[in-house]
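Let me begin by presenting the structure, written as structure tokens, before commenting on it.
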Amino acid sequence: MVVSQRFGEGHRVLVTGGAGFVPSHLIDVLIARGCTVVALDNFVTGSKENVAHLADHPRFTLVEADASEGLPAHHPAIAPRFDAILHMASPASPKDFATLPIEILRVGSVATLHLLDRAVADGARFLMASTSEAYGDPQVHPQTETYWGNVNPVGIRSVYDEAKRFSEAATMAYHRHRGLDAGIVRIFNTYGPRMRPDDGRAIPTFISQALRGEPITVHGTGAQTRSICYVDDLVRGILLLLDSTQSGPINCGTEHEVTMRQLAESIVELTGSTSSVTYVTRTSDDPEMRRPDLTLARTRLGYEPSIDPEEGLRRTIEYFRQRLE
Ligand code: NAD
């Protein structure tokens, strides 16, 4: 399967959450392709620094706004028609689930509906950034897109999991009933430069602790697994979906599955740290295991992750080393 590039020079693309970790990398590639990109962000978890290198770029505009309040329709960068809309905005760390629950619910519901309406009005391709969290604590391993998941609808993670599930349902309804050209990507654990050191997710936490020589805090016994993906691989997958006419949902990530204990140990080794690994109380509903079945991504998009995990971790460590210095 070969997907040819649909969006490039002359196309206007809106990326919500554009000042965030994954979206800012996505924007770099869209700009390199020749697209005109409008990033919309309220900086709740993102930072202007992530797109500072594009500040003077003639094809880039950063608009400060809350996507849950609707688009600022009269803003000169927002008013003209978009060819593609990528809804990437949402706090995404388990730490945020406790501190920003209502904001997460709103950006994964109200904002999604606003953006879907705009995509229909513009005749734009719409891409929804969903998550492996849609599978909850999965009872099927690896997770195929046909698996409906095992989510606690009232647990502390539900604000994120259920909002993304609502966004998926809304995207499919607009696709089926309003003829929207839409795609849903289920993103698995992704890491890389531009994550926040205090983000709360395992990789930035472990790296920051290792670089500071502090104990590495692994939750529970550390036997729980995640499949980790370097951001460049994910961005390639997302753009393949954007360029295709597939609606998905399609998993994106890697099959490189590691236990949290193994991850902590490799980070200690790669940073050359003297940190010890300690075990702290695990949060409720923390999934036991995560690994995407990538068959659909491979057969429908020609997706293949290619970055060696050790190399990805080295690049990320280097970024954090510079930041912490
Ligand atoms: P991030 O927090 O770095 O980026 C999210 C961005 O959205 C931030 O810049 C934030 O300020 C912005 N934002 C949040 N609410 C907003 C609102 N109401 N209006 C405007 N902007 C808003 O996180 P990330 O890891 O880059 O995640 C990007 C997207 O990918 C999210 O939708 C997330 O759910 C999804 N995702 C990420 C992962 C991962 O492993 N990184 C996994 C699954 C899904």
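General observations
- Largest to smallest accessible area among Ile184, Ile307 [probe 1.4 Å]: Ile307, Ile184
- Around the amide H of His219, modelled in the peptide plane, lie the amide H atoms of Val280, all under 5 Å away and 5 or more residues distant in sequence or on another chain.
- Accessible surface for His177 stands near 150 Å², nearest 10, in the context of the full protein assembly shown (1.4 Å probe).
- Accessible area of Arg165 in the full protein assembly, 1.4 Å probe (Å², nearest 10): 80
- Average Cα contact separation per residue, the chain, under 8 Å, 6 or more apart, as relative contact order %: 18
- Measuring nothing but how far apart in sequence close Cα pairs (under 8 Å, 6+ apart) lie, relative to its length, the stretch 61-216 scores a relative contact order of 25 percent.
- Rounded if a/c under 1.5, otherwise prolate or oblate - the stretch 89-183, Cα gyration tensor axes: oblate
- Enclosing the Cα atoms of the stretch 107-147 in their convex hull gives a volume equal to 85 cubic angstrom per residue.
- For the chain, with all protein chains in place and a probe radius of 1.4 Å, 51% of the accessible heavy-atom surface sits on carbon or sulfur.
- Each residue was assigned an accessible area with a 1.4 Å probe, and for Val159 the value is about 20 Å².
- Distance distribution P(r), the stretch 241-315, all Cα-Cα pairs, bin width 10 angstrom from 0: 15, 34, 30, 17, 4 percent.
- Order of exposure, largest accessible area first, which applies to Ser109, Ser132 with probe 1.4 Å: Ser109, Ser132
- Mean-position separation - Cα centroids, the stretch 267-299 and the stretch 238-265, in angstrom: 14
- Its Cα gyration tensor gives the chain an equivalent ellipsoid, and the semi-axes of that ellipsoid, as √(5λ) in whole Å with the largest first, are 31, 22, 19.
- Per-residue HN-Hα couplings for the stretch 128-135 [Karplus 6.51, -1.76, 1.60; θ = phi - 60°; Hz; x = Gly/Pro]: 9, 7, 9, 8, 5, 5, 4, 8
- What separates the Cα centres of the stretch 178-219 and the stretch 55-109 is a distance of 19 Å.
- Debye intensity ratio I(q)/I(0), log10, the stretch 47-94, q values 0.13, 0.14, 0.32 Å⁻¹ (C-alpha model): -0.39, -0.45, -1.33
The values are calculated or read from the model by the stated rules, or taken from the named source; none is laboratory data. Remember, predicted model here, so these are calculated numbers, not experimental data. Heavy atoms of the whole protein, side chains included, go into the accessibility calculation; ligands, DNA and RNA do not. Shrake-Rupley method; radii C 1.70, N 1.55, O 1.52, S 1.80 Å.
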